[in-house]
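Trainee: Got a structure for you, written out below as C-alpha cells; questions coming shortly.
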Amino acid sequence: MPSHAPLAASPGRVEVGVITARRRILCLFAHPSIDRSEANRPLFDATARVAGVTLVDLYAEYPTGEIDVDREQARLRGHDVICFMHPLYWYSTPSIFKEWQDLVLEHGFAYGIGGTALHGKLFFNALTAGGPEQAYCAAGYNHFTIRELLCPLEQTARLCGMVFLPPFALFGARTAVDEGRIGAHVTDWVRVLEALRDHRLDLAAAVPLTKLNADLDAIIREP
Amino acid sequence: MDGMLFHAFIYLAAAVLAVPIANRLGLGSVLGYLIAGILIGPTLGLVGAETEEVQQVAEFGVVMMLFLIGLELEPKLLWEMRARILGLGGLQVMMTAVLIAAAALLLGYHGGLGLAVGLIFAMSSTAIVLQTLGEKGLTRTDGGQASFAVLLFQDLSLIPVLALIPLLAAPGLSGLWAAGSGEPGAGAAHGAMSLVAGLPGWGYALVVLGAVALVVLAGHYLSRPLFRYIAESRLREVFTASALLLIIGIALLMTLVDLSPALGTFLAGVVLANSEFRHELQSDIEPFKGLLLGLFFITVGAGIDFGVLSAHLATVIVLTLSVMSLKMAVLLGLARLFRLQPGDQWLFALGLAQAGEFGFVLLAFSVQNGVIPADLARILSLVVALSMLLTPALFIAYDRLIAPALRTGSASAPDDIDEWGTVVIAGIGRFGQIVNRLLLASGVRTVVLDNRADQIDLLRKVGIKGYYGDAARPDLLHAAGISQARLFVVAIDDQDRAVKMVEHVRRTYPTVKILARAFDVRHLYLLQQAGADLVVREVFDSSLTLSIAALKALGMHPFKVERMARAFRRHEAEGLTSMYDLWDENPDIARNLVLQARIREHVGSLQDALNSDRLQLHDRSERGWTPPPRGINRELDGDA
C-alpha cells in the first residue's frame, strides 16, 4: 500500500518531529469465558475507552465460530496497528484466533501474489499468562521466552509484511488481582495504546525486546 | 349360473393359481398368464366362445400400458429417440416384410398375400416385451430402449398398414369378399364407427393431425385444471374415474379417426409426463393395466385352437421357428448396424422375435378384405400365438445364457449414476419446503409429494417441482420410486398419517432410511416406535433460536449464550433418550407415574446443567475454559 510505504521502509526509525496522522489501532479480543476473567476483563474495558482504538470481541461476534472473512479483511485494511488481545492458552492464542488466521489471511490478500494489504502495518500480542515471568526462560519450567513461544505469529506477521512488536504481557495472571498488580498493568496498557496511536513509541527500541512492557519509559516519549 | 360371474371366477382363479407358480419358477408373469389361458381354454374347455370378446376388452390393457409408458417418458427423451424410432423401427418392419414376402413368393403364393403376411409378422408384441422388460428391470438398458423404439414405430406403422392391406387383395379372393368392406378402419373388431370413412387422402391427413393436436393441447392445457379441480374435492375414486375417462376418451377419439388407441394414449402420457399428477395417475391406472394385460395374455393362451394345431402341427411349428429365426436375423443385423453393445444386441433380437397381438387384428382384417384365405389365416394365427408363447422362454435364455457370459466378459461402466441417490419427501408445506430447498441446492434429486393440489400448483409457479398425491398410499409411494430411494422424509403435519407412513415404509422397504418430523415428544416417540431412523421435533430448533436471541438481547455474552444453548440441546437429547423406555412401558403419560417423576427430574436438572462449574460439580456443560487453580505455579515449578 503506497500510503504505508514510508513506514514499511523504515520501521526502526524514531519519528521525531514528523507530523503524521494518528495510527488507527485494531484490538481483536478473544476470551472464551469472559465471565471468569480477572485480568482480561479490566484490560478489555480500559481498551474500549481509548480514543482511536477499534475493539472487537471475536467470541461475541462469532459465537458459532463462523467468521465473516470480508468484514475482517475490511477491518484490517482500515487500521495501521493490529493487536491480538487474549489469555495465553497452551503457549498460543485461544482457538478462535487460529480459525481467524486460517480464514482471513488469504493468499492474494495477506501474502503471495497481490497479497499486500497488510504491508507496513504493526502487529503485536497483548496477552496474559498464568505462569510467572521467571518460568518463561531456558531455565524455567516453560523452557522458552514468551517471544520465542510466539514465533509462529512473528513469522506470520513477517510473511504478511507487517512489523512484529514484542508482546505486551502480564505474567502470573492468576494471582495478579490478589497481589494488586492489575491496576498498574491496565494503566501501562492505556499508555502503550496512546503512544502507538500518537507515534510516540520508539519502534526501533521496542522491536528487539522480549516483552513490550519491560521498561515503558525507555521506549515512550511523553507528549 | 350367472355366466359373467362364472367366467370372471375362472379367469381370476387361473391367474391366481398359475402366475405366482410361474414367477416362483423364474418363468415370469407373462408365461404364467399364457399357461393359465391354455389350461382354462383348450385343455379344460372351461372357456371358449367368449374369448374373442374378452380379448377386445383385454386389449385395453395395452392401451393403458402405453399411457403409463408415456408418463415415464418426457417429450425431450422422445425427441432424442427419433433416429432410432424411424431408422431402427422403419428398417425392421420393411426388411422383415420384404423377406417374408419373398419367401412366400418362392413357396408359390401370390405376392400381395406374401406382403400382407410379411407385414403381419413384422409386428412384435408390445404387451409381452414391455411387460417382461419392466419385470426384469431391463427397460432402461440400451437394448430395452432400442426395443421400445421399434415397438413404437410398429404402433405408428399400423395406420399405413391398415390402409395398404385392402390394396393387396388377390383377384380371386377379392371378388368374393371385397363387397362388404369399404372402410380402412382400425381393426375389424372395433371398426364399426368411423368419422373418416370416405374422406379423401388429404382430408384424412388433416383429421388425423387435428386429433393429435387435440390430444396434445387438451392434455397440456385442459387436463391439469380439471385434475386440480377434482383433486381438491378429495374424492379419490373420482380422481381414478377421471383418469380412466381421460384414457377411454382418447382411445375413443383415436378409434374414430382410425388411429391406434394405444398410440393416442401414449401421446397423452408423454404430454402429462411433466405434470404434477404424474405419480397419482400412475398409481391409479397401474392396477387396471396389470389386470387387463393379464387378461389379455390369458385370452391369447385360451385362444389357441388345438383342433387346427393338431391337424397342422408340423406346419405350425416349422413356420413359427422360421418366422422367429428370420425376425431374429433381421434384428441382430440391425442391432449391429446401429452399434448396440453385444448384450443389448441379443436382448433386442431375442426379445422382439415374436409376432404380436396386432397380428390377430391384421389377420382378421386381411381375411375380411380377401387378402388371406380364412383357413390359412387360422394356421397363421396359431403361429402368432405360438411365437408369443415362446417369447418368455427366449427371455429366460437371455437371462441364463447370454447375460451372465457378458457380465463376466466386459465390465462396462454403469450408466446414469446418481451420486447421492433419490430422496422422497412427503409433504411440501413450511417444513418440507426447507428440506427440499437445501437438498436440491446441494445437488440431491428429490421427489416431492403433497396431497394439496393448490400447494403443488403454487410451488410450480415459483419453480419448485412437486407431485400431487397422498403419500400415505403405498401404491403412490411406489410410483414415486420409494423402492429405489435412499431416504424417505416424512414432513406432513397429520400426526397419525405420519406414523402410519413410517410403519408402512419401514415394513415394506427395510433399506430406506426414514427421517421424520414430529409434532411433540409423544409424537416423536410414536415415530421412533414405528421405525423412523431420525425424528426431529418441528419447532424445537426455532424455539431454541429465539431463546438464544432473547438471552443476547438481554445483554448476555453471545458465546456464553451459544454454549448454554448447546448444553440445553444436549440435556434435552439425553432426557429424551433416557425417558423413552419409561414411555414405552406405558405411553399414557397421565397414568405413568414413574415417567412423570422422571420428567420433573429432567426439568429440574436443567439449571444445574447450564450453570454448574466443571470443577465444583463435575458437570459436562461448561467443560471448557475454566482457569487452573491459583496454586498451580508452585506445583509446576516444583516438578520442573
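Throughout, read-outs are computed from the coordinates displayed, never taken from laboratory work. Please read these numbers as outputs of a predicted model, since none were measured by experiment. In this analysis, Cβ positions are derived from the backbone assuming ideal geometry, glycine residues included, and neighbour counts consider all displayed protein chains.
Trainee: Got a sec? Charge dipole of chain B, +1 on Cβ for Lys and Arg, -1 for Asp and Glu; which of B:L292, B:T577, B:Q495 is way out at the positive end?
Mentor: So the residue furthest toward the plus end is B:T577.
Trainee: Additional query: Inside 10 Å of the C-beta atoms of B:523-534, what's the mean count of C-beta atoms belonging to other chains?
Mentor: Taking the mean over all residues of the peptide, I get 0.
Trainee: Hey, got the average number of other protein chain Cβ atoms within 10 angstrom for residues in B:555-562? Kindly include the intermediate steps, with their values, before the conclusion.
Mentor: Numbers: counts 0, 1, 9, 7, 15, 7, 2, 6.
The mean count of partner-chain Cβ atoms within 10 Å per residue comes to 6.
Trainee: Find how much the distance from B:L252 to B:E74 grows on full extension, using 0.36 nm per residue of separation minus their present alpha carbon separation; answer in nm with one decimal. Please list the in-between numbers first.
Mentor: Working: separation 178, 0.36 × 178 = 64.08 nm, distance 2.38 nm.
Full-extension gain reported as 61.7 nm.
Trainee: What does the C-alpha gyration tensor say about the overall shape of region A:22-219? Classify as rounded when a/c is under 1.5, otherwise prolate if a/b is larger than b/c, or oblate.
Mentor: Note, shape of region A:22-219 comes out rounded.
Trainee: Any idea how far apart A:V207 and B:L546 come out in nm if each label point goes 7 Å out from Cα toward Cβ?
Mentor: With each label placed 7 Å out from Cα toward Cβ, I get 5.9 nm.
Trainee: All other residues with a Cβ under 10 Å from the Cβ of B:R537 taken together, and with Lys, Arg as +1 and Asp, Glu as -1, what is their net charge? Display every interim value, and only then the final one.
Mentor: On the way: positive: B:R517; negative: B:D520, B:E538, B:D541, B:E572.
Around B:R537, the charge tally is -3.
Trainee: Would you list B:D533, B:D588, B:D454 from fewest to most Cβ contacts within 10 Å?
Mentor: Fewest-to-most ranking of B:D533, B:D588, B:D454: B:D588, B:D454, B:D533.
Trainee: Determine ³J(HN,Hα), in whole Hz, for all residues of region A:208-215 in sequence, where each value follows from phi through the Karplus function 6.51 cos²θ - 1.76 cosθ + 1.60 and θ = phi - 60°; x replaces Gly and Pro.
Mentor: For region A:208-215, the Karplus curve yields x, 5, 7, 9, 5, 9, 6, 8 Hz.
Trainee: A further question follows. Could you work out the relative contact order of chain B? I mean the mean sequence separation of Cα pairs under 8 Å and 6+ apart, divided by the number of residues, in percent.
Mentor: Answer for chain B is 15 percent.
Trainee: Does region A:23-86 come out rounded, prolate or oblate by the C-alpha gyration tensor, with a ≥ b ≥ c the root eigenvalues, rounded set by a/c under 1.5 and, if not, prolate when a/b is larger than b/c and oblate if not?
Mentor: Working: a/c = 2.68, a/b = 1.15, b/c = 2.33.
Oblate.
Trainee: Please determine, in degrees from 0 to 90 and to the nearest 10, the orientation of helix B:430-441 with respect to the longest principal axis defined by the Cα atoms of chain B, where the helix direction is its Cα long axis.
Mentor: Taking Cα atoms only, the helix is inclined about 70 degrees.
Trainee: Below 8 Å between Cα atoms, with a sequence gap of 6+, how large is the relative contact order for region A:106-223 in percent?
Mentor: 27 percent
Trainee: Over the alpha-carbon set of the protein assembly as shown, work out the extent along each principal axis and list the three values in angstrom, largest first.
Mentor: 131, 72, 50
Trainee: Quick check: the angle from helix B:90-106's long axis to the longest principal axis of chain B, C-alpha only, nearest 10 degrees?
Mentor: That works out to roughly 30 degrees.
Trainee: Now for a different question. How big is the charge dipole of chain B about its Cα centre, in debye rounded to the nearest 20, if each Lys and Arg gets +1 on its Cβ and each Asp and Glu gets -1 on its Cβ?
Mentor: Dipole size: approximately 1260 debye.
Trainee: Pairing the Cα long axis of helix B:558-585 with the longest principal axis of chain B, what angle in degrees results, from 0 to 90 and rounded to the nearest 10?
Mentor: Here the helix axis deviates by roughly 70 degrees.
Trainee: If you don't mind, there's one more thing I want to ask. If the limit is 26 Å between Cα atoms, which of B:K76/B:K500; A:K98/A:K211; A:K98/B:K560; A:K98/A:K121; B:K461/B:K500; B:K289/B:K461 go over it?
Mentor: Checking Cα-Cα distances, B:K76/B:K500; B:K461/B:K500; B:K289/B:K461 exceed 26 Å.
Trainee: How big is the shadow of the Cα convex hull of chain B, averaged over all directions, in nm²?
Mentor: Directional mean of the projected Cα hull area for chain B stands at 42.4 nm².
Trainee: If you don't mind, another one. Quick one: Karplus J couplings for region B:225-241, per residue in order, coefficients 6.51, -1.76, 1.60, θ = phi - 60°, nearest Hz, x for Gly and Pro?
Mentor: Values per residue, Gly and Pro as x: x, 4, 4, 5, 4, 6, 4, 5, 6, 6, 9, 5, 5, 6, 5, 4, 4 Hz.
Trainee: Using a Förster distance of 25 angstrom, determine the FRET efficiency expected from the C-beta separation of B:D493 and B:R570, and round it to 0.05.
Mentor: Computed FRET efficiency for B:D493 and B:R570 comes out at 0.35.
Trainee: Specify the inter-centroid distance of region A:52-91 and region B:109-138, based on alpha-carbon positions, in whole Å.
Mentor: Centre-to-centre distance over Cα atoms comes out at 77 Å.
Trainee: Now for a separate question. Which order results if B:L34, A:L209, A:L88 are arranged by neighbouring Cβ count within 10 Å, fewest first?
Mentor: Neighbour counts put them in this order, fewest first: A:L209, A:L88, B:L34.
Trainee: Rounded if a/c is under 1.5, else prolate if a/b is larger than b/c, else oblate: which is region B:448-579, with a ≥ b ≥ c the root eigenvalues of its Cα gyration tensor?
Mentor: Taking the square roots of the gyration eigenvalues as a ≥ b ≥ c, region B:448-579 is oblate.
Trainee: So what's the back-of-envelope 222 nm ellipticity for chain B, counting only DSSP H runs of four-plus at -39500 (n - 2.57) apiece and dividing by all residues, rounded to 500?
Mentor: Details: 31 runs with 421 residues, N = 640.
Estimated from H runs of four or more residues: -21000 deg cm²/dmol.
Trainee: Let me know the Kirkwood hydrodynamic radius for region B:213-263, please, with Cα pairs as the basis and the value in Å to one decimal.
Mentor: Numbers: mean 1/r = 0.0856 Å⁻¹.
Every distinct Cα pair counted, the radius reaches 11.7 Å.
Trainee: Something else about it: If I take all pairs of Cα atoms in region B:5-80, what percentage of them are more than 15 Å from each other?
Mentor: Everything past 15 Å amounts to 66 percent.
Trainee: Round to the nearest 0.05 the FRET efficiency obtained for A:C151 and A:E99 when R0 = 22 Å and r is the Cβ-Cβ distance.
Mentor: 0.65
Trainee: Hey, what number do you get for chain A at 222 nm if only DSSP H runs of n ≥ 4 count, each worth -39500 (n - 2.57), divided across all residues, to the nearest 500? Don't skip to the answer; put the middle values down first.
Mentor: Numbers: 10 runs with 74 residues, N = 223.
Per the formula, -8500 deg cm²/dmol.
Trainee: Under 8 Å for C-alpha pairs, at least 6 residues apart: give me the relative contact order for region A:22-219, rounded to a whole percent.
Mentor: RCO, region A:22-219: 23 percent.
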